[in-house]
1. Who wins for biggest fluctuation among PRO88, PRO41, PRO113 in a Gaussian network model of the chain, springs between alpha carbons below 10 Å?
2. What does the accessible area per residue of the chain come to in Å², with a 1.4 Å probe and no ligands, DNA or RNA counted?
3. What percentage of the solvent-accessible surface of the chain, computed with a 1.4 Å probe over protein heavy atoms, is contributed by carbon and sulfur atoms?
4. Mind computing the radius of gyration and Dmax over the alpha-carbon atoms of the chain? Å is fine for both.
Amino acid sequence: QVQLVESGGGLVQAGGSLRLSCAASGLTFSSYAMGWFRQAPGKEREFVGSLNWSGGSTYYANSVKGRFTISRDNAKNTVYLQMNSLKPEDTAVYYCAARFTGPFTSASRGTEPYEYNYWGQGTQVTVSS
């Protein structure tokens, strides 16, 4: 049974920082690229960042580039999203997702929700002014 469990969300003032964690189980973690998405009230799910199986290649949405950092620890089956210089516009439910990759899968930056096989439950991030 595949499960992605997120943690680390909460309330923070503008300019502050949070680190989100997503622990994966029930899958071969290193066979999956990982991604972070967010969804604000009344808006569609939005790509935040992604990284490949090893963590050696990352990609970010322009809205978070330079402020957010995605990383992974394959020994712990965990992916992280370090969020710095937070803005009220960052307020959303944040989701982690897993996308299977391998020698017979096509290359992708993983910017679209439909590309992912598994999703976490989401964790609320609220940034106050």
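The values are calculated or read from the model by the stated rules, or taken from the named source; none is laboratory data. This one's a predicted model, so the numbers in the text were calculated from it and none came from an experiment. Just so you know, the surface numbers come from the protein's heavy atoms only, side chains and all, with ligands and any DNA or RNA stripped out. Shrake-Rupley method; radii C 1.70, N 1.55, O 1.52, S 1.80 Å.
1. Residue with maximal mean-square fluctuation among PRO88, PRO41, PRO113: PRO41.
2. Numbers: 6750 Å² over 129 residues.
Accessible area per residue, the chain: 52 Å².
3. Working: 3160 of 6750 Å².
After summing per-atom areas, the C and S share lands at 47 percent.
4. In order Rg, Dmax, the Cα atoms of the chain give 13.8, 47 Å.
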